[in-house]
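Remarks on the structure that follows.
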Amino acid sequence: MSVAEETVGKPVMVESAPRQAQPAAVDVKDVAVRFRSKKRDVTALERIDLSVPMGEFVSLVGPSGCGKSTLLKLVAGLLKPSSGTVRLHGDPVTGPRHDIGYVFQRAALLEWRSARRNILLQAEMRGMPADRARRRADELIAMTGLRGFEEALPHELSGGMQQRVSLCRALLHEPPVLLMDEPFGALDALTREQMNIELRRIWRETGTTVLLVTHSIAEAVYLADRIVVMSARPGTITEVIEPGLPAERDYTETVGRPEFAHATARIRRLLGSAAPPPDAAE
């Protein structure tokens with residue numbers, strides 16, 4: 001697939017080959033993942049090539065069971081590829097990486113700890129100096145609009161507030177790469193929209209490299225610099241789309257732009273031809 005000629009208001013379809021503007025924060029080369037399930041061999045991922053420059057926001061979309069979450073686990077070092085290589089900032093990923101941040105669909109907060117103490121759990125696990133951890137926690141609490149809720153217990157917080165606490169916890173140690181696996185999937189539509197706006201703003205302020213798995217096409221296009229569209233199992237990269245949206249994005253204005261409409265329509269067409277197998281699972 002060659003780079004499509006850019007036209008006004010239309011997204012640019014690009015190769016998933018490495019980009020040269022910035023050094024790669026994440027570099028996945030010719031990766032495949034195979035395993036045995038129910039007495040049969042399964043290929044979850046095949047021929048995955050993806051390079052993510054430092055500071056870029058990339059969304060991953062695809063049918064259920066196509067391997068999106070599997071790809072995040074490879075980057076995190078929680079899973080080893082059957083073939084191919086995965087690198088973070090040039091270093092091979094050979095086991096669990098402690099320098100990344102990970103946000104899951106469920107906030108997974110400890111019910112007996114306040115919002116602040118849930119955030120600081122990251123510091124305790126990593127042995128961060130207490131003063132530095134407290135300062136960083138205060139910065140993140142202010143950044144995410146959690147001031148006034150620092151001492152609240154998880155059951156006293158809304159779903160959106162709980163995910164803000166989870167995001168603060170993931171960012172406490174200032175990770176160069178943040179992995180997000182359907183972080184807003186359990187939220188109602190209005191809260192999800194608000195969290196999209198907050199995440200985009202926080203990403204712009206921190207400059208962290210982000211890989212986001214989502215089933216929401218609109219979310220993927222609004223948030224990301226590039227959207228990686230994956231096929232049904234065995235998961236491969238079907239196309240990489242650059243929506244061509246401005247860096248500063250007002251939500252209402254952005255979703256009304258022709259570039260947004262073209263990108264979402266293109267992704268829907270691609271996913272419409274990628275029906276997952278009935279027994280697919282991430």
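Nothing in this text is a laboratory measurement; each read-out follows from the coordinates by a stated rule. Keep in mind that what you see is a predicted model, and the values were worked out from it rather than measured. Backbone-built Cβ (ideal geometry, glycine too); neighbour counts: all protein chains shown.
So that you can scan it fast, the table gives a plain yes or no per residue for (1) closer than 18 Å to residue 213 by Cβ; (2) of a type outside the set (A, V, I, L, M, F, W, C); (3) buried (at least 22 other Cβ atoms within 10 Å of the Cβ):
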position	(1), (2), (3)
60	yes, no, yes
65	yes, yes, no
75	yes, no, yes
83	no, yes, no
86	yes, no, yes
94	no, yes, no
97	yes, yes, no
100	yes, no, yes
105	yes, yes, no
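What do you reckon, is residue 178 under 25 Å from residue 112 (Cβ atoms) and touching a residue at least 60 places away in the same chain (Cβ under 8 Å)? Lay out the reasoning, then the answer.
Values: under 25 Å from residue 112 (Cβ atoms): no; touching a residue at least 60 places away in the same chain (Cβ under 8 Å): yes.
Answer is no for this residue.
So how many residues does region 212-233 have that are surrounded by fewer than 19 Cβ atoms within 10 Å (Cβ to Cβ), assigned to a loop (DSSP other than H, G, I, E, B) and over 13 Å from the mean Cα position of the chain (by Cα)?
The qualifying residues number 0.
Go through region 54-83 and count every residue that is over 12 Å from the mean Cα position of the chain (by Cα) and without any contact (Cβ under 8 Å) to a residue 40 or more places away in the chain.
Final tally of qualifying residues: 3.
Testing residue 263 on (1) crowded, with 22+ Cβ neighbours inside 10 Å; (2) more than 30 Å from residue 157 (Cα to Cα); (3) within 16 Å of the chain's Cα centre (by Cα), one condition comes back false. Which one is that?
Single failed check for residue 263: (3).
Please give the helices (runs of 4 or more DSSP H) falling wholly within region 67-178 in which 2 or more residues are within 23 Å of residue 47 (Cα to Cα). Before you say what the answer is, go through the steps one by one.
Details: elements: 68-76, 115-126, 130-143, 159-171.
It comes to 68-76.
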